[in-house]
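**Q** Encoded as structure tokens, here's the structure I'll be asking about.
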Amino acid sequence: MVSKVTWCRVMDVVIVVGTRPQHIKLLSLSRALEQSGISYGVVHTGQHYDYEMNGVFFEELSLPRPVAHLGVGSGSHGSQTARMILGLEKALSKLKPDLVVVPGDTNSALSGGLAAVKMGIPVAHVEAGLRSRDQFMPEEVNRIVLDHVCQLLFAPTVHAYNNLLREGVGIERAYLTGDVMADNIVLLQKHIDEVPSPISVERKDYVLVTVHRAENTDSPNRLQGIVKALLRIPRETGLKVIFPVHPRTRLRLKLYGFMNKLENAEGISVINPVSYIESLKLAKNASVVLTDSGGLQKEAFMLGTPVVTLRDTTEWVETVEYGWNTLAGAYEGRIIEALKHFLHEKPPAVNAIEMYGGGKASARIASIIVSFLQK
Ligand code: UD1
């Protein structure tokens, strides 16, 4: 049906991406749109540009190549967002989509949403309704703004859906679709088992660590708390620490003088960022995951690995409610205590993939978009 109305259009849908967590959402989303006969093009803001933050995902997952690349790169939040909006305005006026889809909560997602609504193009937000209740988090501001200007809101969880109802934006616009990241795990299950580990390590013999949130990397005190905890882990638990380092974290660890300590410590491997499937493999086989990433918290839960979150809040509250996630902040003692707790006590069994929509979120989203485009 959609293809009927598209003959005179350049495309039905533009998906705006730009960062690592958005690239991976393209995997299941793009497939579902294709299967529903929706024509789409990807616009890449260029927020992430290093091969390990960008190219590797497009190659490994055979993601659709962007029809436009804005090459915006890094900068302060204001200038980065402003440059993205300018570039997106130009791209959208050429591509003339009927709908813009923005996954996630990054500055790229916010810019996609703002550029489109100001041009009168409706926007769909994938991962709508998530709230950490921490308005100092840039992503929280992005989420709130997006959910209040988008026409279609795709909530990944019941909590997220209820947040949208509570804020008065849900009734006609919100849909409980499930989480496209659960779809990814279902799609990639076989590959996760088959891909070689990026580092030689025994199953359940290590903890996987990632840190990249501004609240942690830009605070010497918080980063120190985390580093001190990491240094204690091999000594006190016998587990190895595998730490793929985000580029901003690498810069800060060097700046604050922590990098040498980590690199010289017995049992700690500081490695470059890994690919998506490698990251899922490392998370699945880890004893416990320690992270400040929103995506990895939930991926670990879906893969059956408990999580210690290096933040004071989370938007994925169900991971805590079900006993799989402990919020330890950046406090050395709390991190170690939470880790040891999970080493002694496995959380109660739960079918996390089902909780996040059973691997069918993208298909639901595509079908809602088809109905929207037909109106
Ligand atoms: C962004 C998102 C965050 C997401 C994260 C995933 C926002 C507000 N934040 O944070 O929600 O979890 O991506 O990684 O959008 N850098 C490089 N190479 C790159 C990209 C970044 O070296 O390819 C360095 C630069 O020094 C840059 C810094 O990382 O200034 C921060 O990058 P930026 O894109 O501003 O935010 P992220 O921390 O990656």
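Every number in this text was worked out from the coordinates using simple rules, so none of it is lab data. Small disclaimer: the values here were computed from a predicted structure and weren't measured. Methodologically, a virtual Cβ is constructed for each residue, glycine included, from the backbone with ideal geometry; neighbour enumeration extends over all protein chains shown.
Table: residues versus (1) in contact with a His (Cβ under 8 Å, 6 or more places away or on another chain); (2) crowded, with 23+ Cβ neighbours inside 10 Å; (3) aromatic (Phe, Trp, Tyr); (4) without any contact (Cβ under 8 Å) to a residue 12 or more places away in the chain.
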{"residue": "LEU33", "(1), (2), (3), (4)": "no, yes, no, no"}
{"residue": "GLY55", "(1), (2), (3), (4)": "no, no, no, yes"}
{"residue": "GLU59", "(1), (2), (3), (4)": "no, no, no, yes"}
{"residue": "LEU63", "(1), (2), (3), (4)": "yes, no, no, no"}
{"residue": "VAL67", "(1), (2), (3), (4)": "no, no, no, no"}
{"residue": "MET84", "(1), (2), (3), (4)": "no, yes, no, no"}
{"residue": "LEU95", "(1), (2), (3), (4)": "no, no, no, no"}
{"residue": "VAL100", "(1), (2), (3), (4)": "no, yes, no, no"}
{"residue": "ASP105", "(1), (2), (3), (4)": "no, yes, no, no"}
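**Q** To continue, here is another question. Name every residue in region 189-210 that is farther than 30 Å from GLY225 by Cβ and touching a Phe, Trp or Tyr at 6+ places or on another chain (Cβ under 8 Å), in order of residue number.
**A** none
**Q** Which one is nearest to the ligand (Cβ to nearest atom) among residues in region 312-345 that are closer than 19 Å to GLY129 by Cβ and in contact (Cβ under 8 Å) with a residue 40 or more places away in the chain?
**A** GLU315
**Q** Filter region 294-311 for residues that are within 15 Å of ALA229 (Cβ to Cβ) and of a type in the set (Val, Ile, Thr); which is farthest from the ligand (Cβ to nearest atom)?
**A** The qualifying residue farthest from the ligand (Cβ to nearest atom) is VAL308.
**Q** Is there a residue being assigned to a helix (DSSP H, G or I), surrounded by 23 or more Cβ atoms within 10 Å (Cβ to Cβ), of a type in the set (S, T, N, Q) and near the ligand (Cβ under 10 Å from one of its atoms) anywhere in region 19-30?
**A** yes
**Q** Next question. Being in a loop (DSSP other than H, G, I, E, B) and in contact with a strand residue (DSSP E or B) (Cβ under 7 Å, 6 or more places away or on another chain) is the filter; apply it to region 46-69 and report the residue that is nearest to the ligand (Cβ to nearest atom).
**A** The qualifying residue nearest to the ligand (Cβ to nearest atom) is GLY46.
**Q** Given the conditions (1) in contact (Cβ under 8 Å) with a residue 12 or more places away in the chain; (2) of a type outside the set (Gly, Ala, Ser); (3) away from the ligand (no atom under 16 Å from the Cβ); (4) surrounded by fewer than 24 Cβ atoms within 10 Å (Cβ to Cβ), which single one is not true for GLU215?
**A** (3)
Quick grid of which residues meet (1) more than 21 Å from ALA300 (Cα to Cα); (2) surrounded by fewer than 17 Cβ atoms within 10 Å (Cβ to Cβ); (3) of a type outside the set (Val, Ile, Thr):
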residue: PRO220; (1), (2), (3): yes, yes, yes
residue: PHE258; (1), (2), (3): yes, no, yes
residue: LEU262; (1), (2), (3): yes, no, yes
residue: ILE268; (1), (2), (3): no, no, no
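**Q** Additional query: For the subset of region 116-126 comprising residues that are farther than 15 Å from VAL42 by Cβ and of a type outside the set (D, E, K, R), which member is nearest to the ligand (Cβ to nearest atom)?
**A** The extreme case among them is HIS125.
**Q** Looking only at region 88-106, filter to residues that are within 15 Å of the ligand (Cβ to nearest atom) and out of contact with any Ser or Thr (no Cβ under 7 Å at 6 or more places or on another chain); which one of those is farthest from PRO198 (Cα to Cα)?
**A** Filtering first and then ranking leaves VAL102.
**Q** I'd like the residue in region 284-293 that is surrounded by 24 or more Cβ atoms within 10 Å (Cβ to Cβ) and not in a strand (DSSP E or B) and, out of all such residues, is farthest from the ligand (Cβ to nearest atom).
**A** Within region 284-293, the match that is farthest from the ligand (Cβ to nearest atom) is ALA286.
**Q** Please work out if ILE242 is away from the ligand (no atom under 16 Å from the Cβ), closer than 14 Å to ASN272 by Cβ and either part of a strand (DSSP E or B) or of a type in the set (S, T, N, Q) (or both).
**A** So ILE242 fits the description; yes.
**Q** Hey, could you check region 270-282 for residues that are more than 13 Å from the ligand (Cβ to nearest atom) and surrounded by fewer than 23 Cβ atoms within 10 Å (Cβ to Cβ) and say which is nearest to GLY238 (Cα to Cα)?
**A** The extreme case among them is VAL270.
**Q** Inspect region 219-235 for any residue being within 16 Å of the ligand (Cβ to nearest atom), in contact (Cβ under 8 Å) with a residue 12 or more places away in the chain, of a type in the set (Val, Ile, Thr) and in a strand (DSSP E or B) and give the result as yes or no.
**A** Looking for residues that are within 16 Å of the ligand (Cβ to nearest atom), in contact (Cβ under 8 Å) with a residue 12 or more places away in the chain, of a type in the set (Val, Ile, Thr) and in a strand (DSSP E or B), one finds none in region 219-235, hence no.
**Q** Then there's this: Can you tell me which residues in region 353-375 are without any contact (Cβ under 8 Å) to a residue 60 or more places away in the chain and either over 17 Å from VAL126 (Cα atoms) or buried (at least 20 other Cβ atoms within 10 Å of the Cβ) (or both)?
**A** Within region 353-375, GLU354, LYS375 qualify.
**Q** List pairs: first residue in region 276-303 and within 13 Å of LEU327 (Cα to Cα), second residue basic (Lys, Arg) and not in a helix (DSSP H, G or I) anywhere in the structure, Cβ distance under 8 angstrom, at least six positions apart or on different chains.
**A** Close Cβ pairs (under 8 Å, with a partner that is basic (Lys, Arg) and not in a helix (DSSP H, G or I)) amount to ASP292/ARG213; ASP292/ARG311; SER293/ARG213.
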